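What follows is a short report on a single structure.
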Amino acid sequence: MQHDDVIWSVINGTFCSFKVKTKSQKFCRNEYSLTGLCNRSSCPLANSQYATVREEKGVCYLYMKTIERAAFQNKLWEKVKLSRNYEKALQQINENLIYWPRFLKHKCKQRFTKITQYLIRIRKLTLKRQKKLVPLSRKVERREKRREEKALVAAQLDNAIEKELLERLKKGTYGDIYNFPQHAFDQAIQEEEMSSESETEAEKEGAEEKEVEGEAEMDEDSDSGEVEYVAEEEFEESDEEIEEMNRHKLPGDDESSSSSDEEERKIRARRKRPRVEIEYEQELEMPSTSKAKLKSRR
């Protein structure tokens, strides 16, 4: 037969596996505890008539224990599902605990309000965006750094090998038999074409500059080595006669002198043009070797 006072004297005086002692007070870790405190009125083991409220997957239930079911442990607790509406749930608690002590009734309502409050907060937090903190260990970070360094070294090595193979491919060291991807070959050809185009453009520019310089040098050389024949009549006039002619010049003579100057400039420009020398070589007909052999045999 169950006796509540004896059970409480044993629990309070000696030992209880659900009891937690602190400097200020004692707490109860039993899942059916109504208040979480270790005292006579709220102990689920030392009270044969007991009630509490529990939450399972977002749904609240009212658990009740009576002394008539103390002999049947599998049917010890009666479970009643409470409504999601707060007012209806309070009415259900009042109806089920109508003849129970006022302390249990009040504590059940108080526990139910706390549970509904934290359920509402959970729903609000789940709807909001939250930052997820992911812990990283130092060992994992070091391992990842080592792997990154090794991958970087391997990538550099692969690039160096690829460059060397492409250079050998350009040189033709392995002949006509190759076993390489077509994409790399096309890329190498495009790079080579781009480099060759830039080289040809640079060569053209250099050749044009050289041609311009050569033409200027040819003009200077042609002027220096050219021989001109002049009539004696042009230089028979003395210096005094030239001065007198300059003094007695008319305004119309200036125009004639300017036209003559232009003609002289045109003649000089024609003389400055580069000249081309053509050499002719005459080949003598040599007798064929077959006829010479026939003559020697005879």
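The 3J(HN,Hα) values that the Karplus relation (6.51, -1.76, 1.60; θ = phi - 60°) gives for segment 43-49 are, in residue order, 8, x, 8, 8, 10, 6, 10 Hz. Gly and Pro appear as x. Taking amide H as placed 1.01 Å from N in the peptide plane, SER83 has its amide H under 5 Å from the amide H of ALA89, each at least 5 places away in sequence or on another chain.
Ligands, DNA and RNA aside, HIS106 has an accessible area near 110 Å² when probed at 1.4 Å. Residues THR126, THR66, sorted by accessible area with the largest first, give THR126, THR66 [1.4 Å probe; ligands and nucleic acids excluded].
In terms of packing, defined here as the mean over residues of other Cβ atoms within 10 angstrom, the peptides 195-201, 93-99 line up highest first as 93-99, 195-201. 3J(HN,Hα) along segment 109-118, derived from phi through the Karplus expression 6.51 cos²θ - 1.76 cosθ + 1.60 where θ = phi - 60°, amounts to 5, 5, 5, 5, 4, 5, 5, 5, 5, 6 Hz, with x in place of Gly and Pro. Which entries of LYS65/LYS88; LYS19/LYS139; LYS57/LYS145; LYS65/LYS114 show an alpha-carbon separation above 31 angstrom in the structure shown? Pairs exceeding 31 Å: LYS19/LYS139; LYS57/LYS145.
Projecting label points 7 angstrom from Cα along Cα→Cβ for ASP158 and GLU201 puts them 3.3 nm apart.
Rolling a 1.4 angstrom probe over the protein heavy atoms with all chains in place gives segment 1-125 an accessible area of 66 Å² per residue. Counting only the heavy atoms of the protein chains, how much of SER17 is accessible to a 1.4 Å probe, in Å² to the nearest 10? Accessible area, nearest 10 Å²: 70 Å².
Once all protein chains are placed together, LYS163 keeps about 140 Å² accessible to a 1.4 angstrom probe.
Between LYS109 and SER83, the distance separating the two model label sites (each 7 Å from Cα on the Cα→Cβ line) works out to 1.6 nm.
For the pair GLU264 and LYS132, the difference between a 0.36 nm per residue extended length and the Cα-Cα distance amounts to 38.0 nm.
The values are calculated or read from the model by the stated rules, or taken from the named source; none is laboratory data. Quantities reported herein were computed from a predicted structural model and do not represent experimental measurements. Note that each Cβ is placed from the backbone with ideal geometry, even for glycine, and that neighbours are counted across all protein chains shown. Ligands, DNA and RNA are stripped out before the accessible areas are found, and what is left, the full protein with its side chains, is counted by its heavy atoms. Shrake-Rupley method; radii C 1.70, N 1.55, O 1.52, S 1.80 Å.
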